[in-house]
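First the structure, in the form of structure tokens, and then the observations on it.
The values are calculated or read from the model by the stated rules, or taken from the named source; none is laboratory data. Please read these numbers as outputs of a predicted model, since none were measured by experiment. In this analysis, Cβ positions are derived from the backbone assuming ideal geometry, glycine residues included, and neighbour counts consider all displayed protein chains.
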Amino acid sequence: MKYTLFLLLLLTISCEGTDKGAEFKENCPYDLRYSGHFLRVPITISPHQAEYNVGDTIRISTVFSDSIEDLGTQEIFKIENFPFKPLSLLYKFDGNEAHSSGYGPNELQVEDIYLPDSFQSSNYANGYNAKSIYSNGHYQFESQLILKEVGRYLLLFTDVYQDNIGTGNVDRNATADAITFEGKCPTLPYYICSMIDSGDDHLDMYEEELVYLDNEVYHSQLGSIESSIGPLGAGGIRLEWNGGFGFEVVE
């Protein structure tokens, strides 16, 4: 199956002063920062470092309560049984403009309970998708990456839900779209914002690599939430919402 990372489209709503706007406000009484339920999925990277040695193991996980922060409404909602499906690409750079898949030379470990499925990406960085487990009020996905090859790496970690939006396969999100919760705005869509939970994402140290990917792979779609990553603009693929994380592996 061919995958690409999603194109996150920020919609705007201008309804004030109309009957339709009054009805919307009654059903969605929030001060909207973004026009959608932007569900924040925290990504934990342990140990959280800018540099690792060959032989080190990085644990990449999303373990969080079903009381989920919504960046759109700036509220916290209890959302049960949402089918979160992590999706990840890893780019490897060797000091030149060429790039390759970072998962190829290193050893990725994901337990079978998460139903991992590897794929060959059209973005020239093979990746995988999996399924989070929901139990006792918590969502959980865990993986390990055993580092075996020197290089500079850029991780992107998102959700299949967003991939379906980006590829125009929104019908595949029907199960997720049917999930509701107390306080949900009837007309607002979902977006999944996969974000590094704590610590620096080091993206400012990888401007050259990001500009290369933006030009050669993502056709000027890479961007930053606040346009704070060097020359990158406000492209549809916001790195901070796609689990962007840079690190280097040395001997």
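For Met1, which of the numbered conditions (1) of a type in the set (A, V, I, L, M, F, W, C); (2) within 24 Å of the chain's Cα centre (by Cα); (3) closer than 30 Å to Tyr124 by Cβ; (4) modelled with pLDDT of 95 or more fails to hold?
Against the list (1) of a type in the set (A, V, I, L, M, F, W, C); (2) within 24 Å of the chain's Cα centre (by Cα); (3) closer than 30 Å to Tyr124 by Cβ; (4) modelled with pLDDT of 95 or more, Met1 comes up short only on (4).
Consider segment 152-168. How many of its residues are surrounded by fewer than 21 Cβ atoms within 10 Å (Cβ to Cβ) and out of contact with any Phe, Trp or Tyr (no Cβ under 6 Å at 6 or more places or on another chain)?
3
Which residue, of Ile165, Ile179, Ile192, is assigned to a helix (DSSP H, G or I) and of a type outside the set (Lys, Arg)? If you could, list the steps in order and put the result at the bottom.
Values: Ile179 fails: assigned to a helix (DSSP H, G or I); Ile192 fails: assigned to a helix (DSSP H, G or I).
None of the other options fit; the residue is Ile165.
Check Asp204 against each of (1) surrounded by 15 or more Cβ atoms within 10 Å (Cβ to Cβ); (2) within 23 Å of Pro47 (Cβ to Cβ) and name the one condition it does not meet.
It fails just one condition, (1).
List the pairs whose first member sits in segment 167-186 and is over 12 Å from Phe77 (Cα atoms), whose second member is among the polar types (S, T, N, Q) and assigned to a helix (DSSP H, G or I), and whose Cβ atoms are under 7 Å apart, counting only residues at least 6 apart or on separate chains?
Val170/Asn164; Arg172/Asn164; Asn173/Asn164; Pro186/Asn27
Filter segment 233-251 down to residues that are surrounded by 22 or more Cβ atoms within 10 Å (Cβ to Cβ) and assigned to a loop (DSSP other than H, G, I, E, B) and give me whichever is farthest from the chain's Cα centre (by Cα).
That would be Gly244.
Among the candidates Ser122, Ser101, which residue alone is touching a Lys or Arg at 6+ places or on another chain (Cβ under 9 Å), within 30 Å of Asn215 (Cα to Cα) and touching a residue at least 60 places away in the same chain (Cβ under 8 Å)? Explain how you work it out, then say what you get.
Working: Ser101 fails: touching a residue at least 60 places away in the same chain (Cβ under 8 Å).
None of the other options fit; the residue is Ser122.
Return the pairs, sorted by first residue and then second, in which the second residue is among the acidic types (Asp, Glu) and in a loop (DSSP other than H, G, I, E, B), the first residue lies in segment 140-154 and is more than 10 Å from Tyr103 (Cα to Cα), the beta carbons are less than 7 Å apart, and the residues are 6+ apart or on different chains.
Val150/Glu251; Gly151/Asp94
For Leu10, all conditions in the list (1) at pLDDT below 95; (2) outside any loop (DSSP other than H, G, I, E, B); (3) surrounded by fewer than 17 Cβ atoms within 10 Å (Cβ to Cβ) hold save one; what is the number of the exception?
Checking Leu10 against (1) at pLDDT below 95; (2) outside any loop (DSSP other than H, G, I, E, B); (3) surrounded by fewer than 17 Cβ atoms within 10 Å (Cβ to Cβ), the one that fails is (2).
Filter segment 50-70 down to residues that are within 30 Å of Gly137 (Cβ to Cβ) and either assigned to a strand (DSSP E or B) or touching a Leu at 6+ places or on another chain (Cβ under 8 Å) (or both), then give me how many there are.
Adding up the residues that qualify gives 13.
Out of Tyr128, Tyr134, which single residue is part of a strand (DSSP E or B), modelled with pLDDT of 95 or more and either hydrophobic (A, V, I, L, M, F, W, C) or surrounded by fewer than 19 Cβ atoms within 10 Å (Cβ to Cβ) (or both)?
On the way: Tyr128 fails: either hydrophobic (A, V, I, L, M, F, W, C) or surrounded by fewer than 19 Cβ atoms within 10 Å (Cβ to Cβ) (or both).
Selected residue: Tyr134, the only one of Tyr128, Tyr134 that is part of a strand (DSSP E or B), modelled with pLDDT of 95 or more and either hydrophobic (A, V, I, L, M, F, W, C) or surrounded by fewer than 19 Cβ atoms within 10 Å (Cβ to Cβ) (or both).
Checking the condition closer than 18 Å to Tyr206 by Cβ and surrounded by fewer than 19 Cβ atoms within 10 Å (Cβ to Cβ), which residue from Asp171, Asp94, Asp112 passes? Give the steps one after another, and end with the answer.
Details: Asp171 fails: closer than 18 Å to Tyr206 by Cβ; Asp112 fails: closer than 18 Å to Tyr206 by Cβ.
Every option except Asp94 fails the conditions.
Given the condition closer than 19 Å to Thr175 by Cβ and without any contact (Cβ under 8 Å) to a residue 40 or more places away in the chain, answer yes or no: does some residue in segment 87-97 qualify?
no
Where residues in segment 207-232 are more than 18 Å from the chain's Cα centre (by Cα), among the acidic types (Asp, Glu) and surrounded by 14 or more Cβ atoms within 10 Å (Cβ to Cβ), which of them is farthest from His99 (Cα to Cα)?
If we take residues in segment 207-232 being more than 18 Å from the chain's Cα centre (by Cα), among the acidic types (Asp, Glu) and surrounded by 14 or more Cβ atoms within 10 Å (Cβ to Cβ), then Glu207 is farthest from His99 (Cα to Cα).
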